[in-house]
Amino acid sequence: MNTEILGIIAMFGFTLLLGYPLGKYIAKLYAGEPTFLDPVFNPLEKLFFRLSGINPNEEWSWQKNLMALLAINLVWLLIGMFILMNMGWLPFNPDHNPSQSAGLAFNTTISFLVNCNLQHYAGETGISYLGQLYLMFLQFTTAATGMAAAAIIFRAFRKGRHKTYGNFFNDYLKTCTRILLPICLVLGVILMFNGSHIT
């Protein structure tokens, strides 16, 4: 059996092993139950909510949650288009890549915003470092958007007269700080120590 097949089997086995405890942790997080990361991230989240003026404990209707999801995505879209359409004069452009046209900037930003990551330019040679950083930021935050939206949808399917939908921004921030960031840090440390073995 060659190493590629063993790698695929190991990846699926690891995913199955990790699925149950990670799924249980995520369910506790979205249910508002205490988790072991509370002491680390509670102060950071309180700071974010104080600066934004959002009450994370306020229950929102599905309409208000939808408006919050659309609003944050509109902000990310406008920032992305601004960066890509103006990267010719913005900083972190040592290769002097030209700014993208409005159509290309929209196509690129919207594709990363919906997490399909379609590129109609020549990769690293067609976009500045600032543009690349922003697109990588979108790959992180759009995963959080999808997970927070899924948590709200699952709450909507619960039985009972007193349905709660939660608060999109609370779910979104918790997804970033308590799920995605820890996973990225753990994987980053693993890759840092095993980087010499990766080709």
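The residues in the range 28-49 that are at negative phi and either open to solvent by 60 Å² or more (accessible area, probe 1.4 Å) or outside any helix (DSSP H, G or I) (or both) can be counted, and the count is 14.
Here Phe137 fulfils each of the conditions (1) open to solvent by 50 Å² or more (accessible area, probe 1.4 Å); (2) aromatic (Phe, Trp, Tyr); (3) in contact with a helix residue (DSSP H, G or I) (Cβ under 8 Å, 6 or more places away or on another chain); (4) within 25 Å of Phe112 (Cα to Cα) apart from (3). Would you check if Ala143 is touching a Lys or Arg at 6+ places or on another chain (Cβ under 9 Å) and either surrounded by 14 or more Cβ atoms within 10 Å (Cβ to Cβ) or not hydrophobic (A, V, I, L, M, F, W, C) (or both)? No. I need the full set of residues from the range 35-64 which are in contact with a Pro (Cβ under 9 Å, 6 or more places away or on another chain) and not hydrophobic (A, V, I, L, M, F, W, C), in order please. Within the range 35-64, Glu45, Lys46 meet the criteria.
If we scan the range 112-121, do we find a residue that is of a type in the set (A, V, I, L, M), under 30 Å from Tyr165 (Cβ atoms) and buried (at least 17 other Cβ atoms within 10 Å of the Cβ)? I'd like the intermediate steps shown before the answer.
Residues of the range 112-121 that are of a type in the set (A, V, I, L, M), as a first pass: 113-114, 118.
Still in the list and also under 30 Å from Tyr165 (Cβ atoms): 113-114.
If we keep only those that are buried (at least 17 other Cβ atoms within 10 Å of the Cβ) too, we end up with 113.
Looking through the range 112-121, at least one residue is of a type in the set (A, V, I, L, M), under 30 Å from Tyr165 (Cβ atoms) and buried (at least 17 other Cβ atoms within 10 Å of the Cβ).
Among the residues of the range 28-54, those identified as touching a residue at least 24 places away in the same chain (Cβ under 8 Å) and polar (S, T, N, Q) are Thr35, Ser52. Only one of the listed residues (Trp76, Trp60) is open to solvent by less than 50 Å² (accessible area, probe 1.4 Å), among the aromatic types (Phe, Trp, Tyr), touching a residue at least 60 places away in the same chain (Cβ under 8 Å) and assigned to a loop (DSSP other than H, G, I, E, B). That residue is Trp60. Filtering the range 89-107 to residues that are of a type outside the set (S, T, N, Q) and either free of Cβ contacts under 8 Å to residues at least 40 places away in the same chain or open to solvent by 50 Å² or more (accessible area, probe 1.4 Å) (or both) leaves Trp89, Pro91, Phe92, Pro94, Asp95, His96, Pro98, Ala102, Gly103, Leu104, Ala105, Phe106. Only residues that are at pLDDT 95 or above and small (Gly, Ala, Ser): list them for the range 72-101, please. Gly80 - this is the single residue of the range 72-101 that is at pLDDT 95 or above and small (Gly, Ala, Ser). Would you mind finding the one in Ser111, Ser52 that is of a type in the set (Ser, Thr, Tyr) and touching a helix residue (DSSP H, G or I) at 6+ places or on another chain (Cβ under 8 Å)? None of the others qualify; the one that does is Ser52.
The values are calculated or read from the model by the stated rules, or taken from the named source; none is laboratory data. Fair warning: this is a prediction, and the values are worked out from it, not measured in the lab. Cβ atoms come from the backbone with ideal geometry, glycine included; neighbour counts cover every protein chain shown. The protein model used for the area step is the full one, side chains on, heavy atoms only, and it has no ligands, DNA or RNA in it. Shrake-Rupley method; radii C 1.70, N 1.55, O 1.52, S 1.80 Å.
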